[in-house]
Amino acid sequence: MILPRFAIACCLLVACAHVAAQGVYRWTDERGQTVFSDRPPPAIEDAERVRVFAGRPEPVPTYSVRIAAERYPVVLYTGLDCGAPCDSAMQLLRGRGVPFEERMVSTETEFSVFRERFEGSDVVPAATVGNRTLIGFEPGAWNRLLDNAGYPRTPLPPR
């Protein structure tokens, strides 16, 4: 009994993949409305074939992450030649599911604003979590500050 259901499910998946592979057309009709269809337009020159991807949607942040991000937004400051430390900081934030804004510090004006924010330091990566600052990358310090801000240690798996 399970095998026939499995076979039917496989056939449906193959059929859906075939339909998705055919493509979608987009055009503007004579009334000025945008039309999307799996069939080519009826002799309209400005038709455009659109690729459709039916993959996984972006994960929605959990309630605790949304609240932490509202109260303690995270900004990661990186530099052009930062390399491994900046990659590690970014990996830690992404691994915990922390939404963050990255700011590349590359011009003299950006460096002067950076030095003012980080008490004269030129060290990247650096981050702000709310009004608290982190200079340099030390995973323990970064995790403690993120814990205190209410960010979960590990993100929940997508539904």
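Here are the numbers:
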| read-out | value |
| --- | --- |
| Complete set of residues in the range 56-70 that are closer than 18 Å to residue 129 by Cβ and at pLDDT 85 or above | 64, 65, 66, 67, 68, 69, 70 |
| Scan of the range 86-143 for residues that are aliphatic (A, V, I, L, M), without any contact (Cβ under 8 Å) to a residue 40 or more places away in the chain and part of a loop (DSSP other than H, G, I, E, B), ordered by number | 123 |
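The values are calculated or read from the model by the stated rules, or taken from the named source; none is laboratory data. On a predicted model such as this, the values are computed, not experimentally measured, just so you know. For neighbour counting, all protein chains shown are included, and Cβ atoms are generated from backbone atoms with ideal geometry for every residue, glycine included.
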